[in-house]
Amino acid sequence: MRKLIALMLTLILTLSAISTLATDKALVEEAQKLTHEELVEKAKAEEGTFIVYGNTSRITTALEQFCALYDITGEGNNLKDAEIYTKLEIEIDSNAKGADMVMIQDGASLEFLIENGYLINYLPPSVAANVDAADQNPLVHQFINKVFIYNNQGDDVPAIKNVWELTEEKMKGRVLFKNPESEQVNMNFLVMLTNEEWAARLAEAYEAHFGKPIELGEYKNAGYMWIAQFLSNCVFGSSDTTLAEEISQPTAAGKIGLFVLSKLRSSSVLTENLTVGEYDAQKNAYTIQPFSGFMYPMYALVSSGATRPYTAMLFIDYLMNVDGFQPWGKSVGAYSANSALVPLEGDLGIDIWKNTLVSEDPAYILAAYEDVSTFVTKYVK
Amino acid sequence: METIQRNQVKRLGRMTHTFLSKPANLILVVFLVLLTFLTLYPLLVLIFETFTVHSGREARAVGLPRGSYTDYHFKRLLFTLDDGGAMGVTYSNSWIQFYGPLLNTLSVAFTSSAVAILFGGTVAWFITRSNLKYKKFISGVFVFPYIMPSWTLALFWQSFFKNEFIGTGTSNGILASVFGIFMPEWFVYGYFPISIVLGLHYAPFAYILIGGILRNMDANLEEAATVLKTSRMRLLRRITLPIIKPAALSTFLLVFASSISAYSVPVFLGSPVRYYMLSTKMKSLMDTYPGQAYIIAAVMIMFGIVILGINQKVTGSRKSYTTVTGKSSQVSLVDLRKWNRPVAVFLVILMLLIAVLPLITFAAESVIIKAGNYSLSNMTLDFWIGTNLTYLDQGDSTGILLSGKVWKALFYSLALAATCAVVAGTCGMLVGYAVAKKRGTRMANAVNSLAFFPYLMPSLAFGAIYLAMSVRVSWLNGFVLLALIGSVKYLPFASRSGLNAMLQLSGEIEEAGQIVGIPWWKRMTRIIFPIQKSSLLSGYLLPLVSCMRELSLFVLLVPTSNTLLTTMLMQYSEKGWAQFGSAINLLIIIVVLLINYLVNKLTGASIDKGIGG
């Protein structure tokens with residue numbers, strides 16, 4: 001009996017999913033062939049409010065500029081990553097009016113939505129040549145980095161050169177990190193540390209710092225060991241913005257955080273009290289061993305429930321170029337996937353950052369997520 | 001044969017017709033069907049969801065496709081006690097995700113109920129049975145903590161007491177930076193403040209319910225004891241306390257149920273130190289493993305059912321409520337003598353701290369530029385009326401009073417609150433009328449229980465169920481969904497005040513109208529409603545005020561967090577946009593207090609009558 005119900009339910013769900021798909025995927029593919037003017041025309045001809053869900057607060061500014069430029073009514077919403085995923089599915093499943101376009105992080109969860117047709121990829125012809133093949137499908141809009149940043153005031157400045165310093169007794173309570181349970185990209189970063197490559201590099205770094213080979217004991221590999229000891233020393237915050245503000249206060253002397261570099265743009269952050277670790281002028285790179293932090297892509301896609309698909313595609317095209325990227329590009333810590341857009345003065349390019357930051361590998365994250373997240377929960381509790 | 005059958009059918013038809021021609025019966029039948037659908041059907045959906053595989057991360061973890069049947073959620077949440085390894089059972093998945101939060105929830109609920117009754121009941125006694133000074137001020141301000149959103153006190157507590165040695169430990173709140181006093185972590189976050197804040201928030205409940213009994217208590221009882229030279233302590237113990245026992249127990253149960261489902265207070269005062277309760281765990285699980293979140297919702301609802309049952313047993317046997325007749329009752333007040341001034345002053349200061357200081361704190365937080373610095377040079381009105389604030393790179397580019405987004409949210413919130421108030425209030429009045437008229441019949445009891453049930457369903461769980469329902473019913477989204485859930489959620493209050501109002505009316509009043517042949521609707525609008533106007537209107541006021549300050553009910557259902565003022569506030573707080581957040585918080589509180597004041601002045605309706613004092 002319940003098998004029958006389950007079968008019926010799956011059938012209904014798949015059918016409803018398919019029926020909403022057919023129009024939009026083909027439509028997006030067709031639209032790849034349009035010229036810019038044709039796209040603008042079609043976008044303007046569409047009706048209703050253009051709705052965008054974004055993981056980033058600057059999406060509303062970009063949207064405002066876009067709407068002013070093309071005389072379109074738009075509504076931007078800044079939501080948490082997990083919320084966007086939940087919302088999108090429910091809206092598309094129940095055919096409710098929802099987002100036309102999304103800007104979203106967490107590549108591993110994205111897989112599911114793309115596989116099942118909830119999100120459709122669009123590569124604007126105007127930037128196709130300047131975007132790395134690896135970043136084209138799904139389309140990466142920008143990369144964001146979270147790096148080790150410390151308060152440079154007081155006597156005991158934690159200017160670390162090796163991440164294993166953060167696991168020492170004296171660092172207890174001095175390390176700030178956004179709770180990985182409320183930020184998927186943080187959890188993904190921890191998952192990545194357990195793969196072969198990073199576990200090996202962590203083992204090497206251990207030897208370099210403590211002078212003796214690593215003894216794993218009960219831990220599966222060096223990644224797990226570092227995660228456990230790092231998290232035990234951490235104090236968890238609920239928002240990168242608050243973390244940045246708090247760690248920049250004079251009272252936060254001696255503390256170090258792992259958070260988004262671009263939060264330094266906020267006016268309530270006292271940037272003079274902060275230093276990004278650890279800059280090597282000779283190499284023109286940040287050189288904490290074996291990594292200075294991590295980075296993750298922010299993707300831009302069309303929703304299959306879009307009532308204004310052409311506007312969505314036009315907006316993606318806008319965002320990938322100079323004007324659309326400006327809300328992010330004017331501050332440090334935002335790197336467009338469009339290589340024609342240069343990074344901000346004083347910041348490094350993404351190609352340099354890529355060498356010292358941990359990146360997401362969706363396939364590995366999908367496979368290892370369960371194990372690592374259960375492990376992490378014990379240390380975050 | 002045929003004639004007999006036809007006659008039977010005709011008789012049945014006539015009986016039904018007679019039955020339904022009485023308005024009270026018709027109302028009962030309609031609401032029985034409606035409420036069953038709106039409360040029991042969602043429950044079925046909930047239970048169904050606890051056995052279903054949802055998408056994304058959950059599907060990967062279970063290893064089955066979306067929509068399949070599974071008992072994985074139960075196993076994982078309730079029976080995974082052995083994966084803590086060397087660290088012990090408190091590190092097992094089930095403990096972290098369920099049993100630990102369950103323990104925390106129960107301890108907080110017990111403590112906050114105790115706090116509410118002790119504080120509210122004591123003040124109620126002072127106000128109703130003693131000659132305390134400044135009564136008007138104290139009783140007027142006492143309901144503030146209930147009118148203000150529950151997180152007001154929580155946010156105030158956090159921003160007042162936080163300091164660099166606890167939590168993320170980098171900035172100082174007002175007490176630390178202005179007075180140099182650093183409170184320990186257990187005082188500022190976790191079990192202690194959550195219990196205190198919830199207790200204070202629900203103390204008005206106790207005050208109103210217990211105060212109501214004390215107010216109407218016949219003074220002859222106490223005077224008889226005094227004549228026999230009973231000491232005051234004995235009088236209190238042997239006469240006063242037993243009389244208020246049913247009300248106290250009822251209050252305890254209500255506050256207990258409310259504390260179990262509290263969400264915003266634990267989020268602000270518990271989550272920063274990872275002190276989780278069932279409600280906060282449910283919210284975080286909803287985005288990752290919904291199946292387990294639904295199980296927690298079901299557990300919370302079960303608590304509600306049990307408490308409802310106990311409450312019915314305790315209060316169901318009250319006999320007569322008629323008070324609108326003509327007898328006057330004497331009340332003799334206890335003379336406090338030398339204790340009068342100290343107690344009165346103490347209470348006044350306490351009320352100022354609880355009701356007024358938070359408002360001042362929020363005002364201060366909304367005008368400072370850099371956190372922790374409360375000097376005048378660091379203050380600006382930009383967050384209220386500034387323009388061109390893109391340099392801030394936060395939330396909005398204009399101050400909140402000039403922001404289109406904020407005004408839109410304000411009007412949407414007001415419209416939603418008004419709709420819920422009208423629907424819930426009217427239905428509540430009708431239900432109250434019908435149940436009062438048919439008091440004692442099975443149908444009346446059924447409708448009465450069903451109408452009260454939504455109150456005991458935790459708002460967050462309720463929201464989760466309606467979310468699941470909204471996927472199945474296509475027209476159920478947006479404003480309609482929010483208005484529906486709001487109306488159902490606040491129906492209990494409206495029906496309670498409606499019931500109390502109707503029970504107070506002696507039956508002769510309506511019968512007089514019936515004898516003269518006045519139709520039902522005219523009897524309602526021209527006789528009954530005007531007499532009990534202030535009690536009945538309180539049934540409209542409570543949903544109105546509650547809806548304006550409601551968060552957890554709507555947080556899962558709003559199209560975007562900018563839809564309602566309260567969800568906007570939550571988003572701003574989570575993002576750390578402290579100034580905008582505090583400004584919006586202050587705006588919400590002012591609007592709510594204003595509405596309460598206006599309705600009170602214009603119609604005489606008030607929160608006290610609404611809760612049933």
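Some points to look at:
- Restricting the stretch A:186-207 to residues that are among the aliphatic types (A, V, I, L, M) and within 14 Å of chain B (Cβ to nearest Cβ) leaves a set whose member that is nearest to B:TYR276 (Cα to Cα) is A:MET187.
- The numbered conditions (1) touching a Phe, Trp or Tyr at 6+ places or on another chain (Cβ under 7 Å); (2) more than 14 Å from chain B (Cβ to nearest Cβ); (3) crowded, with 22+ Cβ neighbours inside 10 Å are all true for A:ALA334 except (2).
- Any hit, the stretch B:214-229, residues being basic (Lys, Arg) and more than 21 Å from B:GLY120 (Cα to Cα): yes
- Of the residues A:GLN153, A:GLN65, the single one that is within 12 Å of chain B (Cβ to nearest Cβ), under 30 Å from A:PRO343 (Cβ atoms) and either in a strand (DSSP E or B) or more than 24 Å from the chain's Cα centre (by Cα) (or both) is A:GLN153.
- Tabulated pairs, the stretch B:369-381, first under 17 Å from B:PHE160 (Cα atoms), second modelled with pLDDT under 70 and of a type in the set (Ser, Thr, Tyr), C-beta under 6 angstrom, 6+ apart or interchain: B:ALA371/B:SER171; B:GLY372/B:SER171
- Within the stretch A:247-256, not a single residue is in a loop (DSSP other than H, G, I, E, B) and either more than 13 Å from chain B (Cβ to nearest Cβ) or in contact with a Phe, Trp or Tyr (Cβ under 6 Å, 6 or more places away or on another chain) (or both).
- Only one of B:LEU482, B:LEU505, B:LEU499 that is hydrophobic (A, V, I, L, M, F, W, C), under 22 Å from B:ILE208 (Cβ atoms) and crowded, with 24+ Cβ neighbours inside 10 Å: B:LEU499
- The stretch A:76-95, residues that are in contact (Cβ under 8 Å) with a residue 24 or more places away in the chain and either of a type in the set (A, V, I, L, M) or not assigned by TED's automatic domain parsing to the domain that holds A:THR311 (or both): A:LEU79, A:ALA82, A:ILE84, A:LEU88, A:ILE92
- A:ASN145, sole failed condition from (1) touching a residue at least 12 places away in the same chain (Cβ under 8 Å); (2) of a type outside the set (A, V, I, L, M, F, W, C); (3) in contact with a Pro (Cβ under 9 Å, 6 or more places away or on another chain); (4) more than 24 Å from B:VAL406 (Cα to Cα): (3)
- For the stretch A:76-114, a tally of residues being more than 7 Å from chain B (Cβ to nearest Cβ) and either closer than 15 Å to A:GLY305 by Cα or not in a helix (DSSP H, G or I) (or both) returns 20.
- Tally, over the stretch A:41-61, of residues that are in contact with a Leu (Cβ under 6 Å, 6 or more places away or on another chain) and either assigned to a helix (DSSP H, G or I) or of a type in the set (S, T, N, Q) (or both): 1
- Entirely in the stretch B:84-182, the helices (runs of 4 or more DSSP H) that have 1 or more residues that are within 14 Å of chain A (Cβ to nearest Cβ): B:100-129, B:150-161, B:174-179
- Criterion: within 14 Å of chain A (Cβ to nearest Cβ), in contact (Cβ under 8 Å) with a residue 60 or more places away in the chain and surrounded by fewer than 21 Cβ atoms within 10 Å (Cβ to Cβ) - qualifying residue of B:TYR412, B:TYR466: B:TYR412
- The set of residues in the stretch B:406-454 being among the β-branched types (Val, Ile, Thr), out of contact with any Leu (no Cβ under 6 Å at 6 or more places or on another chain) and in a helix (DSSP H, G or I) consists of B:VAL406, B:THR419, B:VAL422, B:VAL423, B:THR426, B:VAL431.
- Condition met for A:GLY54 (under 23 Å from the mean Cα position of the chain (by Cα), of a type in the set (Gly, Ala, Ser), surrounded by fewer than 20 Cβ atoms within 10 Å (Cβ to Cβ) and within 13 Å of chain B (Cβ to nearest Cβ)): no
The values are calculated or read from the model by the stated rules, or taken from the named source; none is laboratory data. Because the structure is a prediction, the values reported are computed rather than measured. Heads up, the Cβs are rebuilt from the backbone with ideal geometry, glycines too, and the neighbour counts pull from every protein chain shown.
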